[in-house]
Amino acid sequence: MNKVEMKDAISEAKFEKDLKWSDIAEVAGLSTEFVCSACLGMNHLDKKQADAVAELLGLGNEVSMTLQRFPNKIWNQTVPTDPVVYRWYEIVGVYGETIKELIHEKFGDGIMSAIDFTMDIDKQEDPKGDRVVVTLNGKFLPYKSW
């Protein structure tokens with residue numbers, strides 16, 4: 001089984017069992033965002049976590065084994081057409097240089113890690129329309145001279 005087949009099997013089982021990503025994350029003992037990413041093929045789970053997810057979903061050892069495999073993080077399209085994902089590209093396109101400038105101004109020459117990183121997605125109720133609150137928290141990695 002490859003990661004795409006695993007993703008399809010997990011998505012189908014999640015739908016059939018009427019589960020939320022938070023339900024799946026709870027049995028794995030990890031954040032909802034990370035477990036969702038692993039189930040979509042962009043991260044991996046350790047054996048204990050993968051077995052717990054597969055068991056909850058009623059899926060076999062093949063799904064657990066695939067969840068444990070390291071992903072190949074590639075994107076197969078230049079600009080995604082899904083509106084939610086596309087808007088993230090728009091945000092980076094419009095504000096990317098601003099983010100870069102402010103990181104450099106506050107920290108120096110370097111980058112924010114996407115490896116030593118956490119993400120939280122929350123809902124903030126608002127009478128003018130609910131708000132999406134996304135917190136990205138990455139370790140600063142300075143460039144070094146040699």
Residue satisfying condition, being under 21 Å from D122 (Cβ atoms) and aliphatic (A, V, I, L, M), within set A50, A25: A25
Every residue from region 1-27 that is modelled with pLDDT of 95 or more, aliphatic (A, V, I, L, M) and outside any loop (DSSP other than H, G, I, E, B): M6, A9, I10, A13, I24, A25, V27
Residues of region 39-80 satisfying the condition of being at pLDDT 95 or above and of a type in the set (G, A, S): A50, A52, A54, G58, S64
Complete set of residues in region 30-82 that are closer than 16 Å to E5 by Cβ, of a type in the set (A, V, I, L, M) and part of a helix (DSSP H, G or I): A38, A50, V53, A54, L57, V63, M65, L67
Subset tally (residues that are more than 22 Å from the chain's Cα centre (by Cα) and either in the same structural domain as S31 (by TED's automatic domain parsing) or in contact (Cβ under 8 Å) with a residue 60 or more places away in the chain (or both)) for region 97-141: 0
In region 37-90, residue surrounded by the fewest Cβ atoms within 10 Å (Cβ to Cβ) [restricted to those that are among the charged types (D, E, K, R) and closer than 27 Å to K17 by Cα]: D82
Test: residue in region 118-127 that is in a loop (DSSP other than H, G, I, E, B), within 29 Å of L19 (Cβ to Cβ) and not hydroxyl-bearing (S, T, Y): yes
Subset of region 97-133 (residues that are in contact with a Phe, Trp or Tyr (Cβ under 9 Å, 6 or more places away or on another chain) and within 23 Å of N43 (Cβ to Cβ)): I111, M112, S113, T118, M119
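The values are calculated or read from the model by the stated rules, or taken from the named source; none is laboratory data. None of the values given here were measured: they were computed from a predicted structure. When we count neighbours, we look across all protein chains shown, and the Cβ atoms used for this are built from the backbone with ideal geometry, even at glycine.
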